[in-house]
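The values are calculated or read from the model by the stated rules, or taken from the named source; none is laboratory data. Here the structure is a predicted model, which is why all the values come from computation and not from measurement. Backbone-built Cβ (ideal geometry, glycine too); neighbour counts: all protein chains shown. Note: areas computed on protein heavy atoms with side chains; ligands, DNA, RNA excluded. Shrake-Rupley method; radii C 1.70, N 1.55, O 1.52, S 1.80 Å.
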Amino acid sequence: ADYGIDQAKMDAVDTSKWRCKFCPDEEGLSGKIDGFFGYSDDTISQGFKNTQAEGDSGQVSLNADLQHNKLDSQTSFVLDGLGADNVRSSIDYQNHDDLELDLSYSRTNHYFGEDAQSIYEDLRTEELELPSAWLTQNNTSLMDFSNLYHVSNYQQRETLEAGVRNVFGEEALALSVHFKEQTRSGLGWTSGSILNNVVALPEARNDTLRELTINTSIPFVYQKGSGSVGLEYFRSEFDNDRQNLSWENPFTAFIAGSERGNLALSPDNQYQSWRLYAQYHLDKHRFELSYGQGKGEQDDEYLSYTTNTLLMTQALPKSSYEGEVETRSARLKWNYRINSALQLKTRYRLDERDNVSDSQDYQPVLTDSLLQGTILNQRYSHKKSDIDVNLDWRWRPQTRFGYSYEYQRFQRQKESTGEYDSHALEFYWKERWSSDIKTKAKLLVEERDEKNHAHSISSSDNSLYRDFTLADRLRHGAEFNMDWQCATDIQLSANAVFEDDDYNNARIGVTDSEEQSLGLNLSWFVNKNLSTNASVQRSWLSWSMAGSSQQSVPTWRSEQKDQYDVFNLGVRRSGIRNDTIIVGVNYSFVTSKGETIFDSNNNYDALQSDVHTLHSYISYQWRPEWKLRFESLYERYQSDNPARISVNTLSRVVGNSVQDENDSNWLFGLRLEYQIPD
C-alpha cells in the first residue's frame, strides 16, 4: 500500500488546491474568469470563426469556472466559450441532504467545407427549383454551369439538459429525473436519383432532433444488507419539421412524369421502455441482473412511394399502416474474487429487435420511373446474445495476467434469415520491471462462423450484401505499450498496434483489411522551469474491396493503401522575471498519402495532404490574481489530388465541389484571466 506514496514526488504536488466536499473554512466564492479577443484575416477558415460570421475578422469569448461553498451546500458554475463557435455552460447544486440539481446548455458547430456550389438558388425550401434560365440537357457536357450558387456546408447542434436527484429517508429510496432536448440546424449534402440521373442536393438542416428524454429510477437501498433493486422508465421523441425533400430534375426526363424527384427524410417517431434491475453483494461475490422492454413507433404517415402520377401503382393504406419495433434486453453479471490474486468476471447479454410493423404487398417503383412487380415489405428482426468470461491473475505485485473469452450468437428473423457464431480470445500481460519501467502487451483472436448458409433466405434482398454481413471472418490483433523513466527528468513511452480482418467468403464489401501503427513519445524536464516534449506516430492502413453492379456476381475489385505520419514538438519556459512570465510553443505536422489500385492494372496517382500547425503563447502574471496571455495560432493545409475531377464532368451526375482545398490561416488573440482570491 505504501508503494505509490514512496514513488510519488510529494514536493511537486500543490496541495493548496485540494478541497474537501464541504469545508467550513472554504465558504464563499472561488474560481477564475477569463476573456479572449482574437483577430484573423477575412479569408480565414470557417473553423476559426464565430457562428455565421463569415468574413468577420474579430472574435470574442468569455470563460468562467466558479464555485460557491456554504456550510451545507455547494454550487458550481461553468461557462466555456460564450461568444465562440462552441459554447458550454452548466450549473450544479448539491447539499448534505443528498439533493442534487444540474442544468446545462451546449452548442457545437461542425464545418465540412466552404465554397461548395449548387445549381439550386433557394435552399431553404422543401421543393428545390431550378433557375428560370436553366436548360435541361441529356448530360453534363451540354449544361451551362456558369451561374452556380455558393453553399457553406455546416451543422449546428444545441443541447439542453436538466436533472434532479434526491434521497428520501435513511437512503431507502432515491428518485432521479433527467430531461434532454437537442436541436440541429444548418446545411448539408445529400443525393437523389431519377433513373440513371444523379444529383447532389443541398439539404437545409432545419429538421429538429428533439429528444425528450425522461429517465426515472427508483432504487431501494438496504443499508444493513448488501442488495438494491431499481425500476427505470425511459422515453425519447424525435420531431422532424419536414418529411421529404423534393427537387426539379436538372436532366431531361427519360420517362414521362419523372420531371421531379422526391426523397423521404426521417419521420417523426417515439420510443419508450422500462428496465428492472437488481444488485447483490455476498462476501466475495457480486451479482447484477437487469431486464427491459421497449417499443418504438412511427408517428408520421407513410409517403407515397412514387411522385409519378402517370404510373398505375397499388397504393398502401398510408394512414393506417403501422410502423412499430419492439425491443427486449437482459443483462446478468457475476464477479467473484477467488483470492487476493485471482478475480473472475462473467457477463451475459441478450438484445432482441422484433419488427412488428404491418406486412402487405405493394408495387415498388425504381426512381419514379419503372415498376418492379409486386413484393412484400421487408421486416428485419434479429436476436443477439453473447457471453464474456474474464480471469485476472495478479501473480505477484509487479506482474499481472489477464485472459478473456467471448462467445457471440447472431440470428436474423422474419423475411431475412441467417445466423453466425463468433468466438474471441484475448490475453494481456502487464509487467512492472522496476520502479522506472512498465509494459503492457495484448493479443486478440476472433473467428466468426456463418451457420446454415444454404438455408439462409432474404426475400427481394441483395444476396451478395447478405453474405458480407454474415460471412466468415478471422480477426486477430496485437498491442504493446511501454513507459520508461529513463532518468529523473526524462520519460519515454512507446506503442505498437497491429490489427487484421480476413473475410473468407465475403463476395462484396471489405474482403480484407490491415492496420499497423508505431509511436514514440519523449518528455524531458530540463529543469524546474524548462520542459520539452516530442512525439512521432506512423500508421499504415490497407484494405481490399469488391463491388457489383448486379446481384449475382462481383463485377469490380480495388485495393487501397494509406499512410499517416504525425509529429509534435513542444517547449515550455517558466520562471522568467520572478516567475511572472511563461512562454510556450507547440508545433505539429501531419502528412497523409493514399494509393488506389483498381482491378490490379489501373492505378491512380497518390493523393497526398500536409497540415502544419504552430501554436505559441506568452503569459504575464503581474499580480497573484491577474494574468494576461498573448496567443497565436497558425494553420496551413496543402493537398495534391491528381484524381480530383472537375466540377460536374461526369456525364450522368451533377455534384458539388470545393473551389480551393489549400489554405493558410493566422489567428492572434489576447486572453485576460482573473483568479478570485481565497
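For this structure, a couple of remarks:
- Spin-label model, TYR93/ILE618: points 7 Å from Cα along the beta carbon direction are separated by 4.6 nm.
- Taking the charge dipole of the chain about its Cα centre, with +1 at Lys and Arg Cβ atoms and -1 at Asp and Glu Cβ atoms, the residue from GLY192, HIS382, GLY227 reaching farthest to the positive side is GLY227.
- Of the listed residues MET312, MET482, the order by accessible area with a 1.4 Å probe, largest first, is MET312, MET482.
- Furthest towards positive pole of dipole, PHE36, PRO397, ILE582, structure part the chain, Cβ charges: PRO397
- Each of TRP429 and ASN196 was given a label point 7 Å from its Cα along the Cα-to-Cβ line. The distance between the two points is 5.9 nm.
- Taking the Cα centre of the chain as origin and assigning +1 to Lys and Arg Cβ atoms and -1 to Asp and Glu Cβ atoms, the resulting dipole is close to 2140 debye.
- Loop-resident trypsin sites (Lys or Arg not before Pro) (DSSP state other than H, G, I, E or B) in the stretch 94-159 with no more than 13 further Cβ atoms inside 10 Å of their Cβ: ARG124.
- Among the GluC sites (Glu not before Pro) within the stretch 266-338, those in coil by DSSP and having at most 11 neighbouring Cβ atoms inside 10 Å are GLU322.
- Here TRP393 sits with roughly 100 square angstrom of accessible surface, probe radius 1.4 Å.
- Residue order for THR555, THR439 - accessible surface, 1.4 angstrom probe, largest first: THR555, THR439
- Solvent exposure, largest accessible area first (probe 1.4 Å, DNA, RNA and ligands not counted), of ASP102, ASP283: ASP283, ASP102
- Within the straight-line cut-off of under 17 Å between alpha carbons, the aspartates and glutamates reachable from LYS32 are ASP65, ASP80, ASP92, GLU625, GLU673, ASP678, sequence neighbours fewer than 8 places apart in one chain being disregarded.
- Using a cutoff of 8 angstrom between alpha carbon atoms and counting only pairs six or more residues apart, the relative contact order for the chain works out to 9 percent.
- Taking the protein heavy atoms of the stretch 276-342 in the context of the full set of protein chains, the accessible area attributed to carbon and sulfur is 55 percent at 1.4 Å.
- Residues of the stretch 81-106 with an amide N closer than 15 Å to a point placed 7 Å from the Cα of ASN166 along the Cα-to-Cβ direction: 93-102.
- Spin-label model distance (nm) - HIS150 vs SER664, 7 Å beyond Cα toward Cβ: 2.3 nm
- HIS476 accessible area, assembled protein chains, probe 1.4 Å, Å²: 70 Å²
- A simple rule links phi to the HN-Hα coupling: the Karplus curve 6.51 cos²θ - 1.76 cosθ + 1.60 with θ = phi - 60°, which for the stretch 68-84 gives 10, 10, 10, 4, 10, 7, 9, 10, 10, 10, 10, 9, 10, x, 4, x, 9 Hz, with x for Gly and Pro.
- Surface analysis of the chain yields an accessible area of 57 Å² per residue, using protein heavy atoms and a 1.4 Å probe.
- If R0 equals 51 Å, the separation of the Cβ atoms of PHE77 and SER385 corresponds to a calculated FRET efficiency of about 0.65.
- Given LYS345/LYS442; LYS440/LYS561; LYS442/LYS593; LYS284/LYS384; LYS333/LYS384, the pairs whose alpha carbons are separated by over 24 Å: LYS440/LYS561; LYS442/LYS593; LYS284/LYS384
- Per DSSP, loop trypsin sites (Lys or Arg not before Pro) in the stretch 552-608 with at most 13 further Cβ within 10 Å: ARG577
- Volume per residue that the Cα convex hull of the stretch 421-566 spans, once the total is divided by residue count, Å³: 128 Å³
- Computed in the context of the full set of protein chains, the accessible area of the stretch 387-502 at 1.4 Å probe radius has 55% of its extent on carbon or sulfur.
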